[in-house]
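Report on the structure given below.
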Amino acid sequence: MKRRRSIHSFREEQVSKEILEQIFTYGSYAPTHYMKEPWKIKVYQGDGRRKFIQSIMKSYQRIGMIKDDDHPKTLKTIDSLSSFLLAIPHHAVIYYEQPDDRIRNEEEYASICAFIQNSQLAAWQFGVGMLWTITPYMHDPQFAKEIGLENEQIKIAAVMQIGYPKKIPIDKGRTPIDKKLEFVEFYPT
């Protein structure tokens, strides 16, 4: 656990489907309320990344992160960002069907977060790195439709960037737990 890092640059080599299946199988041992196992995964790899990344660019234009014009600067931004994203071997969209009940929804999302963390820890054992991303396009309903998630109840929880690390960041340490932890022996009256 202490050695795992978020990876920001990846080698070109793809991770085999068998290893990805093992990683996500280990992830599925996350705690889950009522054994719902709400997580679903779409992995975009190979040529599947191109349409996925095009949908990201269109979303960024819709939401105003990138201008929606043919100006050379805009085209250069799109090309640069697309190239960066294409260099990532796998993009895994983690999604679920949101329950109408707010508490149940929080339970499902918490379970998915545990699934993601388990997957990251399992991946590290295979020498695979991941970056857990929460990005604006995840909240764009048109983006969801473009990648095949047309049900309005579907919520994208995260997008995982996955591959073999090109560079492993140094350990930046953690805040000592005694700065975050409080033991309560009694309730004041």
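Computed values, structure above
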read-out: Residue list for segment 38-50, restricted to those being in contact (Cβ under 8 Å) with a residue 24 or more places away in the chain and not aromatic (Phe, Trp, Tyr); value: Pro38, Lys40, Ile41, Lys42, Val43, Gln45, Gly46, Arg49, Arg50
read-out: Yes/no for Ser119 being without any contact (Cβ under 8 Å) to a residue 60 or more places away in the chain, in contact with a helix residue (DSSP H, G or I) (Cβ under 7 Å, 6 or more places away or on another chain) and in a helix (DSSP H, G or I); value: no
read-out: Qualifying positions in segment 4-40 - among the acidic types (Asp, Glu), assigned to a loop (DSSP other than H, G, I, E, B) and open to solvent by 100 Å² or more (accessible area, probe 1.4 Å); value: Glu12
read-out: Any hit, segment 169-180, residues being modelled with pLDDT under 95, within 20 Å of the chain's Cα centre (by Cα) and within 26 Å of Val15 (Cα to Cα); value: yes
read-out: Count - residues of segment 150-189 that are in contact with a strand residue (DSSP E or B) (Cβ under 6 Å, 6 or more places away or on another chain), open to solvent by less than 50 Å² (accessible area, probe 1.4 Å) and over 21 Å from Ala114 (Cα atoms); value: 1
read-out: Enumeration of residues in segment 151-189 that are over 30 Å from Glu18 (Cα atoms) and among the aliphatic types (A, V, I, L, M); value: Ile177, Leu181, Val184
read-out: Residue check for Ser6: touching a strand residue (DSSP E or B) at 6+ places or on another chain (Cβ under 9 Å), of a type in the set (Ser, Thr, Tyr) and either closer than 17 Å to Val159 by Cα or at pLDDT 95 or above (or both); value: yes
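So that you can scan it fast, the table gives a plain yes or no per residue for (1) in contact with a Ser or Thr (Cβ under 8 Å, 6 or more places away or on another chain); (2) assigned to a strand (DSSP E or B); (3) open to solvent by less than 20 Å² (accessible area, probe 1.4 Å); (4) aromatic (Phe, Trp, Tyr):
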| site | (1), (2), (3), (4) |
| --- | --- |
| Lys67 | yes, no, no, no |
| Leu75 | no, no, no, no |
| Ser80 | no, no, no, no |
| His91 | no, yes, yes, no |
| Asn105 | no, no, no, no |
| Tyr109 | no, no, no, yes |
| Phe115 | yes, no, yes, yes |
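The values are calculated or read from the model by the stated rules, or taken from the named source; none is laboratory data. Source: prediction; values computed, not measured. Cβ: placed from backbone, ideal geometry, glycine included. Neighbour counts: every protein chain shown. To get the accessible areas, we keep the full protein, side chains included, count just its heavy atoms, and leave off ligands, DNA and RNA. Shrake-Rupley method; radii C 1.70, N 1.55, O 1.52, S 1.80 Å.
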